[in-house]
Amino acid sequence: MGVGKLKFRDKLKDESEDIYILALESSCDETAAAVNKNGLKVLANVVSSQVDLHKKFGGVVPEIASRKHLELLLPVIDQALAEAGIDFEDLDAVASTSGPGLVGGLLVTLTAAKTISLALNIPLIGVNHIAGHIYANFIANPEIKKPLLCLTISGGHTDLLYFEDLRGYKILGRTVDDAAGEAFDKISRFLGLGYPGGPAIEKAARAGNEMAVDFPRADLGDSYNFSFSGLKTAVMNYVNNEEQRGNELKINDLAASFQKAVVDSLTANLLQAVEKYDVESVVLSGGVAANQRLRSYIEEKLEEHNLKLYYPPLELCTDNAAMIGAVAYYQYLERDFAPLSISADPSLKL
Amino acid sequence: MLTLAIDTSTDNLGLALMESGQLRGEYNLSLKRQHSEKLLPLIEQIFELLGIQPRELNGVAVATGPGSFTGLRIGITTAKLLGRIFSIPVKGISTLEIMAAGIAEPYLLPLIDARRKRVYCSFYQNLRTANDNFLKEIYQPTAISIAELPELLSNYKEKEITLIGEKKKEVRRVLEANAFSTRLAEAESDLPRAAVLARLGENYFKTGQRDDIYQLKPAYLKKPQAEINWQQKYGNN
Ligand SMILES: [Zn+2]
């Protein structure tokens, strides 16, 4: 085309030089800006939460969130730059979450990042929000040894990843149907335990016997893929049969047995990968990673392999821009830049 | 004095560069729901083609709607960041004012489709001077059903009203059925033209008028639907 190509201000830097990145995030109900130096060093991490604004509606209202993101945008950027003690001119690149999330919100920081990129003639980096949550681990635990395996599990995805180093990852397996968190939500609702399903099932399971019912664990052969729809159907069939026979349902036992089946499936693939790949650590990420039964079971199994399990501290589990900036740094080193025509992708996958 | 004009309020993506009263370039492209993908590449292109650096800008004029909320946020975000980075003035201008300011007739009714037989409109009287058109806002931007327009405009029955924009023919039928006299704007005036926005912006900047970029927001003219539903159920607060 001839036009539309950025002619970057200076030559691009490599790892031997200091690289400052302004990162922005607005995929849900937090408006956030951060300044990262060389990836994992967080110079500023400003998060303005709108949680209270959405409380009365019982969930995030996309249009209200988008309006608030636009209001908070400049204040969070100003604060991040001030806390980091730098100015726009000092930036080497600008990054924004490009998905997944609410499209109206994503477009606010993505458009801002594009404008900064054009105005300052610096690279634009589009970051996957899920990758951000994984890299939050590396910010919190810089001592994590590579190569490593990462199991990232939430309501939207279930992926098993292999990292040689932090510059990129290989997807070993993902769910072929429901995400693990989705299965928790559906079964929780089915058993009358409410929403969100993860904590509800976990709580009921604590008072139940996980050996009570032997639900099926999907076996997808040699692949590292996951499947939870068969398990979901099995739970529903079991409950319907018991009800038809007039047997009383032991909800806590069902919750515990279901949870154990999910934990077993997740752990089986992880351990299969541990056997195959010579890794130094294992990392958990995503909302379902908060499940204590899952953590303790995986920890127990990893001990046999002398491997340590990492998961991010609570304060880095909420959405923030520092995690976006961490991913962006490695994308910068890989020269993985976005064109100004990039748009938000509400269902972006890893 | 170099002014960039940005309009992403309707299906039209408008971009213009005006340099001290001289139009250097203008895009008006009907791009439904593509503002996010197209705006920044087109800004980069217009700069490159004209051999101008972004840092040479002296001001940014941006359309504030009414219009598509998502579209408006794209344009306004861009204007805010340019204003912030280069420390230059930004002025938000009503999309309806842009439409009216392109026409030299005395009574002007710009219209934007608000769906379900409703329009966003405002009503202006054009007080022409030797140098420029000056618009006096008689009714400020509002969302109204087309059927209610004869009542809104009842004091202007003897005047000829120029109808501009989307739904102008439908509005004409309703007004003429109520004994109004109307004329239709020419096709090229139905869009909020980016060059007009640039000219208005330059005029505002010349007289020292600018907006606070921290307060600048779209003319939503409507609360989010969830808020309306909530208020219907629980009342105010
Ligand atoms: Zn998140």
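The values are calculated or read from the model by the stated rules, or taken from the named source; none is laboratory data. Values in this document were obtained by computation on a predicted structure and should not be read as measured data. When we count neighbours, we look across all protein chains shown, and the Cβ atoms used for this are built from the backbone with ideal geometry, even at glycine. These accessible areas exclude ligands, DNA and RNA; they are computed on the full protein's heavy atoms, side chains included. Shrake-Rupley method; radii C 1.70, N 1.55, O 1.52, S 1.80 Å.
Using +1 at the Cβ of each Lys and Arg and -1 at the Cβ of each Asp and Glu in chain B, identify which of B:Tyr120, B:Ile52, B:Val196 lies farthest towards the dipole's positive end.
B:Tyr120
For the pair B:Leu29 and B:Ser181, what calculated FRET efficiency results from E = 1/(1 + (r/R0)^6), where r is the Cβ-Cβ distance and R0 = 51 Å, to the nearest 0.05?
Using R0 = 51 Å, I get an efficiency of 0.90.
Quick one: if the Förster radius is 22 Å, what FRET efficiency do A:Thr318 and A:Ser296 give, using the C-beta to C-beta distance and rounding to 0.05?
The computed FRET efficiency comes out at 0.45.
Report which residues of the stretch B:63-83 become buried by 50 Å² or more of accessible surface when going from the isolated chain to the complete set of protein chains (1.4 Å probe; DNA, RNA and ligands ignored).
B:Arg73, B:Thr77, B:Lys80, B:Leu81
Test of the criteria: in the stretch B:147-237, which chymotrypsin sites (Phe, Trp or Tyr not before Pro) are in a DSSP loop and have at most 11 other Cβ atoms within 10 angstrom of their Cβ? Each step should come with its number before you reach the end.
Details: sites: B:Tyr156, B:Phe180, B:Tyr204, B:Phe205, B:Tyr214, B:Tyr220, B:Trp230, B:Tyr234; in loops: B:Phe180, B:Tyr214, B:Tyr220.
Passing both the DSSP loop test and the Cβ count: no residue.
List the residues of the stretch A:86-108 for which accessible area in the full set of protein chains is at least 10 Å² lower than for the chain on its own; 1.4 Å probe, protein heavy atoms only.
The answer is A:Phe88, A:Glu89, A:Gly104, A:Leu107, A:Val108 - residues whose exposure falls by at least 10 Å² when every protein chain is included.
Label-point separation (nm) for A:Ser49 and A:Thr233, each offset 7 Å from Cα along Cα-to-Cβ?
In this crude label model, A:Ser49 to A:Thr233 measures out at 4.1 nm.
Trypsin sites (Lys or Arg not before Pro), restricted to the stretch B:86-137: which are DSSP loop and have at most 11 other Cβ atoms within 10 Å?
Values: sites: B:Lys91, B:Arg115, B:Arg116, B:Lys117, B:Arg118, B:Arg128, B:Lys136; in loops: B:Arg115, B:Arg116, B:Lys117.
The qualifying sites are B:Arg115, B:Arg116.
Rounding to the nearest 10 and keeping the result within 0 to 90°, find how far the Cα-based axis of helix B:225-234 lies from the longest principal axis of chain B.
Tilt of helix B:225-234: around 50 degrees.
Taking 2.2 N^0.38 Å as the expected size of a compact globular protein, what ratio does the Cα radius of gyration of the stretch A:1-146 give against it, to two decimals?
Relative to the rule-of-thumb radius for its length, the stretch A:1-146 sits at 1.08.
Pulled fully out, how much extra length does the chain show between A:Glu280 and A:Glu243, if you take 0.36 nm times their separation in residues and subtract their Cα-Cα distance?
8.5 nm
Dipole magnitude of chain B about its Cα centre, charges +1 at Lys/Arg Cβ and -1 at Asp/Glu Cβ only, in debye to the nearest 20?
Here chain B has a charge dipole of around 680 debye.
What does the extension gain come out to for B:Ser20 and B:Ser145, with contour length at 0.36 nm per residue minus their alpha carbon separation?
Value of the extension gain: 41.0 nm.
Please check the stretch B:191-237 for residues whose accessible area, probe 1.4 Å, is lower by 40 Å² or more when all protein chains are in place than in their chain alone.
Residues losing area: B:Tyr214, B:Tyr220, B:Pro224, B:Ala226, B:Glu227, B:Trp230.
What residue among A:Ala119, A:His54, A:Asn137 has its Cα farthest toward the positive end of the dipole of chain A, where the charges are +1 on Lys, Arg and -1 on Asp, Glu, each on the Cβ?
A:His54
Relative to the longest principal axis of the C-alpha atoms of chain A, give the angle of the C-alpha long axis of helix A:62-84, reported between 0 and 90° and rounded to the nearest 10°.
60
Counting only heavy atoms of protein chains, what accessible area per residue, in Å², does the stretch A:275-315 have with a probe of 1.4 Å?
It amounts to 56 Å² per residue over the stretch A:275-315.
Given a 1.4 Å probe and no ligands, DNA or RNA in the count, how much accessible surface is buried by B and A, both sides, to the nearest 100 Å²?
Summing both chains' loss of accessible area gives about 3300 Å².
Running Debye on chain A with equal point scatterers at the Cα sites and no solvent, what base-10 log of I(q)/I(0) appears at q = 0.08, 0.12, 0.13 Å⁻¹?
-0.42, -0.89, -1.01
Taking the Cβ-Cβ separation of A:His305 and A:Asp222 as r and a Förster radius of 22 Å, what is the calculated FRET efficiency to the nearest 0.05?
Efficiency for this residue pair is about 0.65.
Among the trypsin sites (Lys or Arg not before Pro) in the stretch A:242-278, which ones are in a DSSP loop with at most 13 other Cβ atoms within 10 Å of the Cβ? Mind listing them?
Passing sites in the stretch A:242-278 are A:Arg245.
List the equivalent ellipsoid semi-axes of the protein assembly as shown in whole Å, largest first, each obtained as the square root of 5λ for an eigenvalue λ of the Cα gyration tensor. Please list the in-between numbers first.
On the way: eigenvalues 543, 197, 59 Å².
Semi-axes, largest first: 52, 31, 17 Å.
Per residue of chain B, what 222 nm ellipticity follows from adding -39500 (n - 2.57) for every DSSP H run with n ≥ 4, rounded to the nearest 500?
About -10000 deg cm²/dmol.
Using alpha carbon centroids, what distance separates the stretch A:191-249 and the stretch A:125-172, in Å?
Result: 28 Å between the Cα centres.
Dipole magnitude of the stretch A:1-126 about its Cα centre, charges +1 at Lys/Arg Cβ and -1 at Asp/Glu Cβ only, in debye to the nearest 20?
Here the stretch A:1-126 has a charge dipole of around 420 debye.
Taking every DSSP beta bridge that has both residues in chain A, what percent is antiparallel when rounded to the nearest 5? Show your work: numbers first, answer last.
Values: 25 of 43 bridges.
In chain A, approximately 60 percent of DSSP beta bridges are antiparallel ones.
How much of the accessible area of the stretch A:145-311, probe 1.4 Å, is carbon plus sulfur, in whole percent?
Here carbon and sulfur together make up 45 percent of the probe-accessible area.
Leaving out ligands and nucleic acids, note down the accessible area per residue over chain B with a 1.4 angstrom probe, in whole Å².
45
Helix-only estimate, please: 222 nm mean residue ellipticity of chain A, summing -39500 (n - 2.57) across DSSP H runs of length 4 or more and dividing by its residues, to the nearest 500.
Rounded to the nearest 500, the figure is -13500 deg cm²/dmol.
In straight Cα distance, which lysines are under 19 Å from B:Lys169, not counting same-chain residues fewer than 8 positions off?
Partners found: B:Lys117, B:Lys157, B:Lys159.
Is the stretch B:93-237 best put as rounded, prolate or oblate by its Cα gyration tensor, with a ≥ b ≥ c the root eigenvalues, rounded for a/c under 1.5, and otherwise prolate when a/b is larger than b/c, oblate when not?
Cα axes put the stretch B:93-237 in the oblate bin.
Using a 1.4 Å probe on the protein heavy atoms, what percent of the accessible area of the stretch B:139-210 belongs to carbon and sulfur?
44
Quick check: the angle from helix B:194-206's long axis to the longest principal axis of chain B, C-alpha only, nearest 10 degrees?
Value to nearest ten degrees: 70.
Can you find, among A:Ala95, A:Thr31, A:Ile64, the residue farthest towards the positive end of the dipole of the stretch A:1-102? Put +1 on the C-beta of Lys and Arg, -1 on that of Asp and Glu.
A:Ile64
For B:Ser87 paired with A:Asp87, estimate the spin-label separation in nm (one decimal), with each label point 7 Å from Cα along the Cα-to-Cβ line.
0.7
When only C-alpha pairs under 8 Å and at least 6 residues apart count, what is the relative contact order of the stretch B:104-184, in percent?
Relative contact order here is 31 percent.
Per 0.36 nm of contour for each residue apart, how much would the distance between A:Ala268 and A:Gln79 grow if the chain were fully extended, relative to their Cα-Cα spacing?
Gain on stretching A:Ala268 to A:Gln79: 63.5 nm.
If you build the convex hull over the alpha carbons only and average its shadow over all orientations, what do you get for the stretch B:104-184? Give it in nm² to one decimal.
Convex hull of Cα atoms, orientation-averaged projection: 4.9 nm².
Can you give me the C-alpha center-to-center distance between the stretch A:65-117 and the stretch B:175-225, rounded to a whole angstrom?
Here the answer is 28 Å between Cα centres.
Describe numerically, in nm with one decimal, the distance between label points set 7 Å from Cα along Cα→Cβ at B:Ala104 and at B:Lys157.
About 3.2 nm, to one decimal.
Place a +1 charge on the Cβ of each Lys and Arg in chain A and a -1 charge on the Cβ of each Asp and Glu, then give the dipole magnitude about the Cα centre in debye, rounded to the nearest 20.
The calculated dipole for chain A is roughly 540 debye.
Distance between the C-alpha centers of the stretch B:12-56 and the stretch A:279-350? Whole Å please.
Computed from Cα coordinates, the inter-centre distance equals 39 Å.
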